[in-house]
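**Student:** Okay, here's the structure, questions in a sec.
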Amino acid sequence: MNVQEDTRDLDRFEQLVEDGLVKVCSGAGLLPAELVRNPDIDARWDVYIKDYIADAVVNFNEYPEAAIAWAGFLGLGVAWAWDADWQRYKDVPYRSWYGSRGWDDMDEHILRDILGLDLDGKEAKRISDCLLSCSTAVLGLLQHEGVETQTARGFYLLARTYTVLYRIGAGIELHRLGYKKVLIG
């Protein structure tokens, strides 16, 4: 494969993952049929992606679902920050999203301390269950496609997966906050 074929393969996989996960989240009532995106939130992922991948790589073998799903929780938090006061939060460092146990409880920290949800409440459970379902679905897709995660291709497919989960999490929070995609023109 050449670079152009590799890029097409990665783009195809990313779109497949995004389309499938939007359906999963739409079915759970957490997203509309089309993912709402925001350039500020997407740009923040460009800043966080290297640090996130470093954490995910360390945790992937023992906690593959968390390594994938936590990107969605990060997206939730960044979308909340964008809505709350972007000037205040736009430059917060990646590690500020960690919980009291570091990366391990990032999900709980974002749900409870950032979004203000009761961890035992219906909304937090629905979001957590959905993001973990997305993670499990992606792991199944990777396995179905015969992807070995320790290879270069596996690494790049996982990086694309983390990006999609981040966007999904951001979309869930934007939807929760009442944002809708509007066509202008």
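**Student:** In the stretch 95-122, which residues are surrounded by 14 or more Cβ atoms within 10 Å (Cβ to Cβ) and either basic (K, R) or under 20 Å from S26 (Cα atoms) (or both)?
**Tutor:** L111, R112
**Student:** Also, quick follow-up: Which of the numbered conditions does A33 fail, given that it passes all the others? Conditions: (1) out of contact with any Ser or Thr (no Cβ under 6 Å at 6 or more places or on another chain); (2) part of a loop (DSSP other than H, G, I, E, B); (3) on the phi < 0 side of the Ramachandran plot.
**Tutor:** Checking A33 against (1) out of contact with any Ser or Thr (no Cβ under 6 Å at 6 or more places or on another chain); (2) part of a loop (DSSP other than H, G, I, E, B); (3) on the phi < 0 side of the Ramachandran plot, the one that fails is (1).
**Student:** Continuing with this model, one more query. Taking the stretch 110-159 on its own, how many of its residues are outside any helix (DSSP H, G or I) and of a type in the set (G, A, S)?
**Tutor:** Of the stretch 110-159, the ones outside any helix (DSSP H, G or I) are 115-121, 145-151.
When the remaining residues are screened for being of a type in the set (G, A, S), the result is 116, 121, 146.
The total comes to 3.
**Student:** Which is surrounded by 12 or more Cβ atoms within 10 Å (Cβ to Cβ), hydrophobic (A, V, I, L, M, F, W, C) and not in a helix (DSSP H, G or I), of V78, V92, V17?
**Tutor:** V92
**Student:** Could you pull out the residue among D85, D42 that is surrounded by 12 or more Cβ atoms within 10 Å (Cβ to Cβ) and either within 25 Å of E123 (Cβ to Cβ) or in contact (Cβ under 8 Å) with a residue 40 or more places away in the chain (or both)?
**Tutor:** Of the residues listed, the single one that is surrounded by 12 or more Cβ atoms within 10 Å (Cβ to Cβ) and either within 25 Å of E123 (Cβ to Cβ) or in contact (Cβ under 8 Å) with a residue 40 or more places away in the chain (or both) is D42.
**Student:** Looking only at the stretch 102-112, decide whether some residue is closer than 19 Å to A170 by Cα and free of Cβ contacts under 8 Å to residues at least 12 places away in the same chain.
**Tutor:** For the stretch 102-112, residues closer than 19 Å to A170 by Cα and free of Cβ contacts under 8 Å to residues at least 12 places away in the same chain: present.
**Student:** Under the condition of being part of a helix (DSSP H, G or I) and small (G, A, S), which residue from the stretch 160-183 is nearest to the chain's Cα centre (by Cα)?
**Tutor:** Within the stretch 160-183, the match that is nearest to the chain's Cα centre (by Cα) is G169.
**Student:** Among the listed residues E34, E5, which satisfies the condition of being exposed (fewer than 12 other Cβ atoms within 10 Å of the Cβ) and touching a residue at least 12 places away in the same chain (Cβ under 8 Å)?
**Tutor:** E34
Residues are listed down the side, and each one gets a yes or a no for (1) small (G, A, S); (2) exposed (fewer than 12 other Cβ atoms within 10 Å of the Cβ); (3) on the phi < 0 side of the Ramachandran plot:
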residue: S135; (1), (2), (3): yes, no, yes
residue: L141; (1), (2), (3): no, no, yes
residue: H144; (1), (2), (3): no, yes, yes
residue: V147; (1), (2), (3): no, no, yes
residue: Q150; (1), (2), (3): no, yes, yes
residue: R153; (1), (2), (3): no, no, yes
residue: Y156; (1), (2), (3): no, no, yes
residue: R160; (1), (2), (3): no, no, yes
residue: K181; (1), (2), (3): no, no, yes
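Read-outs throughout are calculated quantities, based only on the coordinates presented, and are distinct from any laboratory measurement. Being a predicted model, the structure only gives us computed values, none of them experimental. Ideal geometry is used to build each Cβ from the backbone, glycine not excepted, and the neighbour counts take in all protein chains shown.
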